[in-house]
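**Student:** Here it is: the structure, laid out below.
The values are calculated or read from the model by the stated rules, or taken from the named source; none is laboratory data. All values derive from a computational prediction rather than experimental measurement. No Cβ is skipped: glycine too gets one built from the backbone with ideal geometry, and neighbour counts run over all protein chains shown. Accessible surface is based on the protein model in full, side chains and every heavy atom, while ligands, DNA and RNA are left aside. Shrake-Rupley method; radii C 1.70, N 1.55, O 1.52, S 1.80 Å.
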Amino acid sequence: MLEGKKIVVVMPAYNAEKTLEKTYNEIPKDVVDEILVTDDHSRDATVEVAKRLGLEVYLHEKNRGYGGNQKTCYRKALEKNADIIIMLHPDYQYPPKLITAMAGLICSEMFDVVLGSRILGGYATKGGMPLYKYFSNRILTFIENFILGLKLSEYHTGYRAFSRKVLLSLPILENSDDFVFDNQIIAQAGFYGYRIGEITAPSKYAKESSSISFKRSVIYGIGVIWTTIQFLLQKLNLAKFRIFNPDGKKIL
Ligand SMILES: Nc1nc2c(ncn2[C@@H]2O[C@H](COP(=O)(O)OP(=O)(O)O)[C@@H](O)[C@H]2O)c(=O)[nH]1
Ligand SMILES: [Mg+2]
């Protein structure tokens, strides 16, 4: 609990047996009320490790993808009456110790979404982010800031906190089950005028914390451009897309 608000951490897991425990150990248990793991049909011992740690685990019978995994995460967290939901990757890439600070920004009621930025403060390349990812991140961020009218340091971090209201109101189930989900949800939050804050989150790029191939990154990049074009067309009333439809499918 933080200021009377229930804090739930969700960990979308896929083959995270080597890093789940280290990540879990650093979660500030004094403020976090519940920790949920959703396993996207991992081929390793992720589920066994999560159960040994006493965590609540939800299983996908088949692999749905990273976006599909987040949909399960958010549904479970909302069903548990979470007021603030924080997504933390179980690959030990992002610092769990910042959960309290991120939840605090939402608690202040000045922000609806808080992103843990790897770019702010220049920690991305120090943490080992591959240069091609760094430069594509900067270019895509520049384009998105221009079109979406936000001023974010990046849109591609996997470390995020949401208020209950945001996750209930956005048509999240219209989003992709793949990685571009991450970009669609920020575009939706921007589209509906939710306030997005950022915090510096130094990240690590160890072998176990990054598995996305060059090809998957290119597919993600194309998805980001398409999301941005959809945003623009919808804003200009030139077309309508399901991800921005206020009557689109919601989590609950
Ligand atoms: N559900 C699901 N998650 C995946 C898959 N591949 C990677 N992930 C998860 O997506 C997140 C981001 O992937 P990662 O390889 O760490 O990307 P990077 O850190 O940005 O280089 C991690 O939490 C992974 O566990 C997949 O095929 N399915
Ligand atoms: Mg990672």
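**Student:** Pick out the one residue from 84, 35, 99, 7 that is at pLDDT 95 or above, β-branched (Val, Ile, Thr) and open to solvent by 20 Å² or more (accessible area, probe 1.4 Å).
**Tutor:** Residue meeting the stated conditions: 35.
**Student:** Please go through (1) under 19 Å from residue 179 (Cα atoms); (2) over 14 Å from the mean Cα position of the chain (by Cα); (3) open to solvent by 10 Å² or more (accessible area, probe 1.4 Å) for residue 118 and return the number of the only condition it doesn't satisfy.
**Tutor:** (2)
**Student:** Which condition number in (1) surrounded by 19 or more Cβ atoms within 10 Å (Cβ to Cβ); (2) part of a helix (DSSP H, G or I) is the one that residue 218 fails?
**Tutor:** The one condition residue 218 does not meet is (1).
**Student:** Could I ask something else about it? Restricting the search to region 180-215, which residues are within 12 Å of ligand 2 (Cβ to nearest atom) and among the charged types (D, E, K, R)?
**Tutor:** Start the filter on region 180-215 by keeping residues that are within 12 Å of ligand 2 (Cβ to nearest atom), which leaves 182, 203-212.
Correct list: 182, 204, 207, 208.
**Student:** OK, next. Among the numbered criteria (1) surrounded by fewer than 17 Cβ atoms within 10 Å (Cβ to Cβ); (2) within 16 Å of residue 201 (Cα to Cα), which single criterion is violated by residue 130?
**Tutor:** Only one criterion is unmet by residue 130, namely (2).
**Student:** Look through 213, 136 and report the one residue that is polar (S, T, N, Q), over 19 Å from residue 119 (Cβ atoms) and within 16 Å of ligand 1 (Cβ to nearest atom).
**Tutor:** 213
**Student:** Can you name the condition, by its number, that residue 223 falls short on among (1) surrounded by fewer than 18 Cβ atoms within 10 Å (Cβ to Cβ); (2) not in a loop (DSSP other than H, G, I, E, B)?
**Tutor:** Among (1) surrounded by fewer than 18 Cβ atoms within 10 Å (Cβ to Cβ); (2) not in a loop (DSSP other than H, G, I, E, B), residue 223 violates only (1).
**Student:** Report, by residue number, each residue of region 68-82 that is of a type in the set (Gly, Ala, Ser) and under 15 Å from residue 42 (Cα atoms).
**Tutor:** Taking region 68-82 and keeping what is of a type in the set (Gly, Ala, Ser), we get 68, 77, 82.
Within region 68-82, just 68 meets the criteria.
**Student:** Still on this structure, please answer the following. So residue 154 clears everything in (1) in contact with a Ser or Thr (Cβ under 7 Å, 6 or more places away or on another chain); (2) surrounded by fewer than 19 Cβ atoms within 10 Å (Cβ to Cβ); (3) within 27 Å of residue 250 (Cβ to Cβ) except one condition, right? Which one?
**Tutor:** All conditions pass for residue 154, except number (2).
**Student:** In addition: What do you reckon, is residue 209 open to solvent by less than 30 Å² (accessible area, probe 1.4 Å), out of contact with any helix residue (DSSP H, G or I) (no Cβ under 9 Å at 6 or more places or on another chain) and of a type outside the set (Asp, Glu)? Lay out the reasoning, then the answer.
**Tutor:** Working: open to solvent by less than 30 Å² (accessible area, probe 1.4 Å): yes; out of contact with any helix residue (DSSP H, G or I) (no Cβ under 9 Å at 6 or more places or on another chain): yes; of a type outside the set (Asp, Glu): yes.
Criteria met by residue 209.
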